[in-house]
Amino acid sequence: RAFLPANYKNNDIHIYDTLDSTNTKAKQLALEKAPHGTTIIALQQTAGKGRLGRSFFSPREGIYLSIIIKPTFDLSRSILVTAAAAVAVAEAVECVCKQKTEIKWVNDVYLKGKKICGILTEGITDFETGQIDALVIGIGVNTTVKGFPDNILNTVGAVEGDYSKAALAAEIISKTLHFTENLEKRTFVNSYKQKSLVIGKDIRVYKGRYNISPEDELPGLPAKAIGIDDDGCLIVLYPDGQKETLSTGEISIRL
Ligand code: BTN
């Protein structure tokens, strides 16, 4: 908390030693009408959740936090929220840890070619109105790969070195809030494009298939990633000359 700016609003930060998942806890608090900005931090998670039903390995040492956002924007923009959180983490790592990051569309943050952070955004539906009235942005940053299973070490890395984890967490929280509270200004979109690991690369597009493992034999659709638009969508060009604008949730990409 000492690292957070003085103007940090609704700064209800709940810190736990161990939780199953900070997202699960944050969703429970959001249902109990916790205010915008409420943040849950755990030093370790026993059932960390990843995207697409995967699990997120969350040993002690890493940074695991979930921020409750009360959106003032149209939720069809939720891909932008996810992009905003990725830029927040990428910039926070650069600022606090002095290490250069990249972003793999949609929201994986990479350092030296390896994924160091995952982000899982979940919507909370108000029972009375049936509308989504809060978002939980869950962010997990690896700060060491000690104890990680060997089979993921090709692709998973960590932000190592001499820095304050509390300062990094605080910078992530304040940047995520700043970018999402000013979503319409899109101040982060240029940074998102500049840090993109996929623009200009040959990729494979997996549509509607949500369980893609590294051993997956099926090839997906070959394409070239040619840009990211101002809504955070990925523009791809297929070999037959067709272009498509992809939004989150419908595809996965393997570099
Ligand atoms: C992914 O890469 O698939 C997303 C991983 C998101 C992990 C974070 S850790 C904090 C928060 N709590 C969870 O259970 N998941 C997110």
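Where nothing but the Cβ of Lys and Arg (+1) and of Asp and Glu (-1) is charged, how large is the charge dipole of the range 1-122 around its Cα centre, in debye to the nearest 20?
So the magnitude is around 220 debye.
Going by amide H atoms built from the backbone, whose H comes under 5 Å of the H on ALA134, apart from near neighbours?
Those qualifying (amide H under 5 Å, at least 5 residues apart or on another chain) are ILE124.
When we measure straight from the Cα of LYS33, which lysines land under 19 angstrom away, once same-chain ones fewer than 8 places off are left out?
LYS9, LYS25, LYS70
Any number yet on Rg/Rh for the chain, C-alpha, Kirkwood?
Checking Rg against Rh, the ratio lands at 0.95.
Output wanted: per-residue J couplings in Hz (rounded whole) for the range 184-198, from phi through Karplus 6.51 cos²θ - 1.76 cosθ + 1.60, θ = phi - 60°, x for Gly and Pro.
5, 6, 6, 5, 8, 5, 4, 4, 4, 5, 4, 8, 5, 8, 9
Given bins 5 angstrom wide, list per bin the percent of all Cα-Cα distances in the range 84-127, short to long.
5, 23, 30, 18, 8, 6, 5, 3, 1
Select from the range 106-180 those trypsin sites (Lys or Arg not before Pro) which occupy a DSSP coil region and have at most 13 other Cβ atoms within 10 Å, ordered by residue number.
LYS112, LYS146
What net charge is computed for the residues neighbouring ILE228, neighbours being all others with C-beta under 12 Å from the C-beta of ILE228, Lys and Arg scored +1, Asp and Glu -1? Please list the in-between numbers first.
Numbers: positive: LYS104, ARG186, LYS193, LYS195; negative: ASP229, ASP230, ASP231.
Here the charged neighbours net out to +1.
Using only DSSP helix segments of four residues or longer, with each worth -39500 (n - 2.57), what per-residue ellipticity at 222 nm results for the chain after dividing by its residue count and rounding to 500?
One gets -6000 deg cm²/dmol as the mean residue ellipticity at 222 nm.
Could you sort out which of LYS27/LYS98; LYS104/LYS175; LYS27/LYS112; LYS98/LYS207 sit more than 29 Å apart by Cα distance in this structure?
Values: LYS27/LYS98 33 Å; LYS104/LYS175 19 Å; LYS27/LYS112 33 Å; LYS98/LYS207 36 Å.
Over 29 Å Cα-Cα: LYS27/LYS98; LYS27/LYS112; LYS98/LYS207.
In square nanometres, what is one fourth of the surface area of the convex hull spanned by the alpha carbons of the range 12-126?
One quarter of the hull surface, i.e. the mean projection, equals 7.6 nm².
Helix 165-181 versus the longest principal axis of the chain: what angle, 0 to 90°, nearest 10, using Cα atoms?
Helix 165-181 and the main axis of the chain meet at about 70 degrees.
Defining a contact as two alpha carbons under 8 Å apart and six or more residues distant in sequence, what relative contact order in percent does the chain show?
17 percent
Which residue fluctuates the most in the chain, going by a Gaussian network model with Cα springs under 10 Å, if the choices are ASN182, ASN154, ASN190?
ASN154
Past the 17 angstrom mark, what percentage of all C-alpha to C-alpha distances in the range 110-157 do you count?
Cα-Cα pairs of the range 110-157 separated by over 17 Å account for 51 percent.
With both partners inside the chain, how many of the DSSP beta bridges are antiparallel, as a percent to the nearest 5?
85 percent
What's the angle, to the nearest 10 degrees (0 to 90), between helix 78-92's Cα axis and the longest principal axis of the chain?
Tilt of helix 78-92: around 70 degrees.
Work from the charge dipole of the range 77-148 (Cβ charges, +1 for Lys and Arg, -1 for Asp and Glu, about the Cα centre) and give the residue of ILE103, VAL136, PHE148 farthest towards its positive end.
So the residue furthest toward the plus end is PHE148.
Kirkwood Rh over Cα pairs of the range 107-189 into Stokes-Einstein at 25 °C, 0.890 mPa s: D in µm²/s?
Here the translational diffusion coefficient equals 162 µm²/s.
Would you mind getting me the FRET efficiency between ASN151 and ALA47? Use the beta-carbon distance for r and R0 = 22 Å, nearest 0.05.
With a Förster radius of 22 Å, E is 0.65.
All of the numbers you see were taken from the coordinates with simple rules; none came from a lab. All figures in this text were calculated on a predicted structure; none of them were measured in a lab. Reconstructed Cβ throughout: ideal geometry from the backbone, glycine too, with neighbour counts over all protein chains shown.
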